[in-house]
Amino acid sequence: MIEEAIFEEEAMESDETKKNVDKLKNEVNKLNTEIEEIQDNCKHPEYSIKNVSSDATAAIRRVCDNCKANIGYPSNDELKKNGYM
């Protein structure tokens, strides 16, 4: 009896954990979609040269100062001006 009650309680906790994780992942996906829409509509009037990381690698990119989107690769002159060469 006690073992069954403990098992049921653990199963309920597990279900709650799964629901919470699913809810949070859904919220993150919605926020990422909203960020993408904002970045797609941004005119990127000003940008900086920054060292950004994606996955396990780091790379130097042009990054919009307004929406923080990676908008391309810097020229050699931009790399020199910003101390990367």
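The values are calculated or read from the model by the stated rules, or taken from the named source; none is laboratory data. Predicted model only: the values in this text are computed from it and were never measured. Virtual Cβ from ideal backbone geometry, glycine too; neighbours counted across all protein chains shown.
Here are the numbers for the structure shown:
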| quantity | calculated |
| --- | --- |
| Residue match in the range 49-71 (condition: surrounded by 13 or more Cβ atoms within 10 Å (Cβ to Cβ), in a helix (DSSP H, G or I), modelled with pLDDT of 95 or more and under 17 Å from the mean Cα position of the chain (by Cα)) | no |
| Filter result (at pLDDT 95 or above and among the hydroxyl-bearing types (Ser, Thr, Tyr)) within the range 1-47 | THR33, TYR47 |
